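Student: Handing you this structure, nothing more for now.
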Amino acid sequence: MKASSGYAGVPRWVLAIAIIGALFVVLPLVAMVVRVNWGQLIPLITSKESTDALLLSLRTSGAATLLCIIVGVPMALVLARTRFPGQRIVRSLVLLPLVLPPVVGGIALLYTFGRQGLLKAPMDFLGIQIAFSTTAVILAQTFVALPFLVLSLEGALRTVGTRYEAIGATLGAGPTTVLRRITLPLVLPALVSGAVLSFARALGEFGATLTFAGSLQGVTRTLPLEIYLQRESDPDAAVALALVLVAVAILVVGLAHQASLGNAGGRQRLL
C-alpha cells in the first residue's frame, strides 16, 4: 500500500488553503503592528482616558465573567442533565446572543431595564436605575458572553456522561454532594475554558454596551468604545489601544486553549 501523499497525511491543497486562511487572519494584525508609533506607544496607552477605559473594561469584564459562572453553570447543568418539553427551544434562546448583532442585544436590554423598559415599574419602586451606568456595561457584557460558558460546559457535561455521578449516588451521596465532589471536578477545565472565553468576549464587547450603557468616561466607556472614539480624533492612539486589546486577547485565548488541553487530558485519564 502506498503511503498517503501530502504533509503529515493532509493533502497539499488543504495545506495551501489553510495557509491562505492563516494569512487572512494574521496579516491585518501585522499591518496594525507596523502602523504603531512605537516611540509614542507608552504615552498613548497611559493617558488618563486610555487607563480609565482599560481599567473599566477589566473590572466590568471580570464582573460579567463572575455573573456568567453563577448563572451559566446551573443553566448548563439543566440543559445537559435534564429533559423537559421545549428543551431545544430553550437551548436555542440561550445561545441566541451568539448570532444576534450586539446592537440588537443592546436594544433588547434597553427595552427591558431602561427607564421606559419592561421592568420600569418594579425598578422605579426599588429606586434602581440601570441604563447608562456601569451596571449596564456589566449586564451588556454578560448578555453576549454567557452563551460561551454555557456551550462549553454543556458539551463537556455530555462528553463525560453520568456514570461517575451514578456511582456516587449509589454510594449514598446526595445530589449537591455529587455535584460538588464529582461533576464539577470532572468538567473543571471546561469551566475554566468557558470562563476565559466569556471574559474575552466581554472584554471586546462594543455594540450592546454602546446602545445600552452609552459612552461616559470612567463610567461606561470601555476600551473598545475608547478605541472607536480615538479612531477619528487620534488614529495613533486608537492603534496603540487596539494593540493592547489584541495582546490581552491573545493571552486570554492562550489560557483557554491550555484549559481545553487539560480537559481533553483529564478525560483520557478517566477513560
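The values are calculated or read from the model by the stated rules, or taken from the named source; none is laboratory data. Everything numeric here is computed off the predicted structure, so don't read it as measured data. Using ideal geometry, Cβ is built from the backbone for each residue, glycine included, and neighbour counts are taken over all protein chains shown.
Student: For a quick check of your reading of the model, give me the residue pairs whose first member lies in segment 114-128 and is small (Gly, Ala, Ser), whose second is at pLDDT 90 or above and not in a helix (DSSP H, G or I), with beta-carbon atoms closer than 8 Å and at least 6 apart or on different chains.
Tutor: As it stands, the answer is GLY114/ILE130; GLY114/ALA131; GLY117/ALA131, since those pairs meet every condition given.
Student: Go through (1) within 24 Å of ILE138 (Cβ to Cβ); (2) assigned to a helix (DSSP H, G or I) one by one and return the number of the condition LEU41 breaks.
Tutor: (1)
Student: Can you list the helices (runs of 4 or more DSSP H) found entirely within segment 47-150 that contain at least 3 residues being touching a Lys or Arg at 6+ places or on another chain (Cβ under 7 Å)?
Tutor: Details: elements: 48-81, 87-95, 102-113, 120-126.
Qualifying helices (runs of 4 or more DSSP H): 48-81.
Student: Taking VAL25 as the residue in question, decide whether it is closer than 30 Å to VAL187 by Cβ, of a type in the set (A, V, I, L, M, F, W, C) and surrounded by 10 or more Cβ atoms within 10 Å (Cβ to Cβ). Please lay out each step first, then the result.
Tutor: On the way: closer than 30 Å to VAL187 by Cβ: yes; of a type in the set (A, V, I, L, M, F, W, C): yes; surrounded by 10 or more Cβ atoms within 10 Å (Cβ to Cβ): no.
In short, no.
Student: I'm trying to understand the selection: among the residues of segment 48-82, which are surrounded by fewer than 18 Cβ atoms within 10 Å (Cβ to Cβ) and of a type in the set (Ser, Thr, Tyr)?
Tutor: Within segment 48-82, THR51, THR82 qualify.
Student: Taking segment 26-65 as the region of interest, how many residues are closer than 23 Å to LEU216 by Cβ and of a type outside the set (Ser, Thr, Tyr)? Talk me through it step by step, then tell me what you get.
Tutor: Here is the first cut: in segment 26-65, the residues closer than 23 Å to LEU216 by Cβ are 44-65.
Keeping just the survivors that are of a type outside the set (Ser, Thr, Tyr) gives 44-45, 48-49, 52-56, 58-59, 62-64.
Here the count works out to 14.
Student: Pairs needed: first member in segment 228-256, closer than 14 Å to ALA53 by Cβ; second member anywhere, buried (at least 18 other Cβ atoms within 10 Å of the Cβ) and among the basic types (Lys, Arg); C-beta distance under 8 Å; at least 6 residues apart or different chains.
Tutor: LEU229/ARG221
Student: Filter segment 57-113 down to the residues that are within 17 Å of LEU203 (Cβ to Cβ), without any contact (Cβ under 8 Å) to a residue 60 or more places away in the chain and touching a Leu at 6+ places or on another chain (Cβ under 9 Å) and list them by number.
Tutor: PRO97, LEU98
Student: Sticking with this one: Please determine, by comparing only the residues of segment 186-228 that are aliphatic (A, V, I, L, M), over 18 Å from the mean Cα position of the chain (by Cα) and surrounded by fewer than 24 Cβ atoms within 10 Å (Cβ to Cβ), which one is farthest from VAL137 (Cα to Cα).
Tutor: Within segment 186-228, the match that is farthest from VAL137 (Cα to Cα) is LEU186.
Student: Follow-up question, since we're still on this one. Which condition does ARG181 not pass, out of (1) among the basic types (Lys, Arg); (2) closer than 30 Å to ARG221 by Cα; (3) in contact with a Gly (Cβ under 9 Å, 6 or more places away or on another chain), if it passes all the others?
Tutor: (2)
Student: To continue, here is another question. Which members of segment 95-109 meet the condition of being hydrophobic (A, V, I, L, M, F, W, C) and crowded, with 19+ Cβ neighbours inside 10 Å? Explain how you work it out, then say what you get.
Tutor: First pass over segment 95-109, keeping only residues hydrophobic (A, V, I, L, M, F, W, C): 95-96, 98-100, 103-104, 107-109.
Those that are hydrophobic (A, V, I, L, M, F, W, C) and crowded, with 19+ Cβ neighbours inside 10 Å: ALA108, LEU109.
Student: Output the residue which, of all residues in segment 168-185 that are closer than 22 Å to PHE148 by Cα and in contact with a helix residue (DSSP H, G or I) (Cβ under 8 Å, 6 or more places away or on another chain), is surrounded by the fewest Cβ atoms within 10 Å (Cβ to Cβ).
Tutor: Looking at residues that are closer than 22 Å to PHE148 by Cα and in contact with a helix residue (DSSP H, G or I) (Cβ under 8 Å, 6 or more places away or on another chain), I get LEU184.
Student: Then there is this: Determine, yes or no, whether PRO85 is over 22 Å from VAL248 (Cβ atoms) and either among the acidic types (Asp, Glu) or surrounded by fewer than 11 Cβ atoms within 10 Å (Cβ to Cβ) (or both).
Tutor: Details: over 22 Å from VAL248 (Cβ atoms): yes; either among the acidic types (Asp, Glu) or surrounded by fewer than 11 Cβ atoms within 10 Å (Cβ to Cβ) (or both): yes.
Criteria met by PRO85.
Student: So, one more: Which one of the conditions (1) charged (D, E, K, R); (2) within 19 Å of the chain's Cα centre (by Cα); (3) farther than 19 Å from SER193 by Cα does ARG115 fail to meet, given that it meets all the rest?
Tutor: Answer for ARG115: the failing condition is (2).
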